[in-house]
Amino acid sequence: MIEYVNQLGGGAPRIGALPQGGAVSLWALDTTLDVVGGHRVTEALSLLDAAERDQAGRRRQQADRRRYLASHIGLRVLLGGYLGLAPERVSLVREVCPCCGGPHGRPAVAGGAIHFSLSHSGDLAYFAFSRVPLGVDVEAIPSPEAVSDVLHTLHPDETAELKALPESGRPLALSRIWCRKEAYLKATGTGLALGLVDPYVGSAPAPAAVAGWTLTDLPAPRGYAAALAVQAGPTA
């Protein structure tokens, strides 16, 4: 397990060098902050591009809009720090979708100098950065009712594992499965287009092996779970 996640707060972060090889830099953010990375959330629309401003405007609930703005300001501050650019100068694009070939695949930096992933749930956002493709996911631990809703959408072995647990233990086990699977699907760029059956990631404290990828559970605050998927390098 990765034991350390950097905290992005209101002040300008001390970012350091761009990760090398398959190394990953991880950050977390409380999205209720009024100031993120030195920028006041309510005054920072100019940092975002047209697509991000459009997405922010589509959030009808004020709390949802603030979370979106805070997390995307945080993303731009961190990317800008790694790339040596002002946050508003970071050019974000979409990769080709691996499922249909459309222009709505993984979010990426133009030029591909760094890979990144962003996830937010509740009032918490996680960011991951590397030289290789990766995905990060953070989720609030679900209610028992939510477990029942998704139980049969998972890999059959994962469904069986959850059913074998007492009801009180199922939400945490599901959060492990969900975060691992979402992190992998973000990393590959397929998202939920192909469903949640594959790959099998398991509900045990350690993730199951997935060919070509390294899955890792991340430390998370009480009430949340988080996971990371990183493309594995070639073996010697």
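The values are calculated or read from the model by the stated rules, or taken from the named source; none is laboratory data. This is a predicted model, so every value here is computed, not measured. Please note: Cβ atoms are built from the backbone with ideal geometry, for glycine as well, and neighbour counts cover all protein chains shown. In case anyone asks, the SASA skips ligands and DNA or RNA and just uses the protein heavy atoms, side chains included. Shrake-Rupley method; radii C 1.70, N 1.55, O 1.52, S 1.80 Å.
Summary table
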| read-out | value |
| --- | --- |
| Integer Hz, Karplus 6.51/-1.76/1.60 couplings in order for the stretch 99-112, x for Gly and Pro | 8, 10, x, x, x, 9, x, 4, x, 8, 8, 4, x, x |
| Extension gain, Cys99 back to Asp49 (0.36 nm per residue minus Cα-Cα distance, nm) | 15.4 nm |
| Long-range amide H partners of Leu218 with built H, under 5 Å | Ala226, Ala227, Leu228 |
| Charged-residue dipole, Cβ positions (Lys, Arg, Asp, Glu), the stretch 38-156 about Cα centre, Debye nearest 20 | 380 |
| Convex hull volume per residue for the stretch 1-56, taking Cα atoms only, in Å³ | 136 |
| Surface share of carbon and sulfur [accessible, 1.4 angstrom probe, percent] for the chain | 53 |
| Cα-based convex hull, the stretch 75-169, per residue volume (Å³, whole number) | 146 |
| As computed over the stretch 123-236, the Cα convex hull volume per residue (Å³) | 112 |
| Helix runs (DSSP H) in the chain reaching 15 Å along axis by Cα, Kyte-Doolittle at least -1.0 | 62-83, 170-188 |
| Amide H within-cut-off set for Trp213, under 5 Å, with H built and near neighbours excluded | Ala232 |
| Solvent-accessible area of Cys99 with every protein chain in place, 1.4 Å probe, in Å² to the nearest 10 | 60 |
| The chain - mean residue ellipticity at 222 nm from DSSP helices (-39,500 (n - 2.57) per run, n ≥ 4, rounded to 500) | -9000 deg cm²/dmol |
| Rg in Å to one decimal, and Dmax rounded to a whole Å, for the stretch 170-236 via C-alpha atoms | 11.9, 40 |
| Amide proton proximity set for Leu196, modelled H, under 5 Å, gap of 5+ | none |
| Cβ-derived FRET efficiency at R0 35 Å, Arg89 paired with Tyr4, nearest 0.05 | 0.75 |
| 3J(HN,Hα) from dihedral phi, the stretch 129-144, Karplus parametrisation 6.51/-1.76/1.60, rounded to Hz, x for glycine, proline | 9, 7, 7, 10, x, 7, x, 10, 9, 10, 9, 5, 4, x, 7, x |
| Length-normalised contact order of the chain in % [C-alpha pairs under 8 Å, at least 6 apart] | 19 |
| Cα gyration tensor shape for the stretch 140-190, rounded if a/c is under 1.5, else prolate or oblate | prolate |
| Shape category assigned to the stretch 1-106 from the gyration tensor of Cα positions, a/c cut at 1.5 | oblate |
| Heavy-atom accessible area per residue - the stretch 42-160, 1.4 Å, Å² | 47 |
